[in-house]
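Here the structure comes first, spelled out in structure tokens, and everything after it is commentary.
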Amino acid sequence: AMPKVLGVGGVFFKSPDPSALRAWYARWLGMFSDDYGVSFHPDALPDGAYTVWSPFPADTAYFEPSPRGFMVNLIVDDLDAMLDHLRGSGAQVMEEVEDLPEGRFGWFVDPDGNKVELWEPPEA
């Protein structure tokens, strides 16, 4: 039998000032980092949450206005409250919110220019 991948074990990316970006995520999203980063354990996720790995076409506009070739999706418990909270953070908060059968989605661009998608999964 072929060996299989069991999940995403991390998201790693470069930053011009990693300690400043870690501090921003800790202050504004409650993502507290150790020397290796922030760990999310599967048993802490809401029912129905999952991780998606998906290459996009090179000409996608979905990651705009970020110039980066990637976008991270973070699972949140209250999308509206998180977007309101981030409005005072210095991040560029997108006004659009999508309500889909898969859940509710919103976006912001962090201080490094990375677009981040926030996902509030639907009630299980």
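What is the local net charge at D112, summed over the other residues whose Cβ is closer than 10 Å to its Cβ (Lys, Arg +1; Asp, Glu -1)? Intermediate results must be reported in sequence, preceding the final value.
Numbers: positive: K14, R68; negative: D17, D110.
Taking every other residue near D112 into account, the sum is 0.
Take every DSSP beta bridge whose two residues both sit in the chain, then give the antiparallel share in percent to the nearest 5. Can you show the working numbers first?
Working: 12 of 16 bridges.
Antiparallel bridges make up about 75 percent of those DSSP assigns within the chain.
Using the Karplus equation 6.51 cos²θ - 1.76 cosθ + 1.60 (θ = phi - 60°), what ³J(HN,Hα) coupling, rounded to whole Hz, does each residue of segment 39-55 give in order, writing x for Gly and Pro?
9, 10, 9, x, 6, 8, 7, x, 4, x, 7, 7, 10, 10, 10, 8, x
Non-local amide H neighbours of R104 (under 5 Å, H modeled in plane, Pro and chain starts lacking H): which ones?
E120
Taking the full set of protein chains and a 1.4 angstrom probe, give the accessible area of R104 in square angstrom, rounded to the nearest 10.
R104 exposes around 60 Å² with every protein chain in place.
Convert each backbone phi in segment 7-21 into a coupling constant with the Karplus relation 6.51 cos²θ - 1.76 cosθ + 1.60 (shift: θ = phi - 60°), then list the ³J(HN,Hα) values in order as whole Hz, x for Gly and Pro.
Residue by residue, segment 7-21 yields x, 8, x, x, 10, 10, 8, 7, 9, x, 8, x, 5, 5, 5 Hz.
Step through the residues of segment 107-121 one at a time and calculate ³J(HN,Hα) from phi using the Karplus curve (6.51 cos²θ - 1.76 cosθ + 1.60, θ = phi - 60°), rounding each to whole Hz and writing x for Gly and Pro.
9, 8, 10, 6, x, 8, x, 7, 7, 10, 9, 9, 10, 9, x
Keeping all protein chains in place and using 1.4 angstrom, which order do W53, W24 fall into by accessible surface area, from largest down?
On the way: W53 200, W24 25 Å².
Largest accessible area first, the list is W53, W24.
At what distance in angstrom do the alpha carbon centres of segment 13-32 and segment 72-124 lie from each other?
16
Just want to confirm a number: the relative contact order over segment 21-124, from Cα pairs under 8 angstrom separated by 6+ residues, in percent. Please report the intermediate quantities before stating the final value.
Working: 135 pairs, mean separation 29.0, N = 104.
Relative contact order here is 28 percent.
Inverting the mean 1/r over all pairs of different Cα atoms, compute the Kirkwood radius of the chain and quote it in Å. Don't skip to the answer; put the middle values down first.
Values: mean 1/r = 0.0631 Å⁻¹.
That comes to 15.9 Å for the chain.
Add -39500 (n - 2.57) for each DSSP H run of 4 or more in the chain, then divide by its residues: what number comes out at 222 nm, to the nearest 500 deg cm²/dmol?
Here the helix-only value at 222 nm equals -4500 deg cm²/dmol.
Quick one: which residues, 5 or more positions from L74 or on another chain, have an amide H under 5 Å from its amide H? H modelled 1.01 Å from N in the peptide plane, none for Pro or chain starts.
For L74, whose amide H was placed from the backbone, the distant partners under 5 Å are E117, L118, W119.
The values are calculated or read from the model by the stated rules, or taken from the named source; none is laboratory data. What you are looking at is a predicted structure, and each value in this text was computed from that prediction instead of being measured. Cβ coordinates were reconstructed from backbone atoms using ideal geometry, including for glycine residues, and neighbour counts include every protein chain displayed. Surface areas here come from the heavy atoms of the whole protein model, side chains and all, with no ligands, DNA or RNA. Shrake-Rupley method; radii C 1.70, N 1.55, O 1.52, S 1.80 Å.
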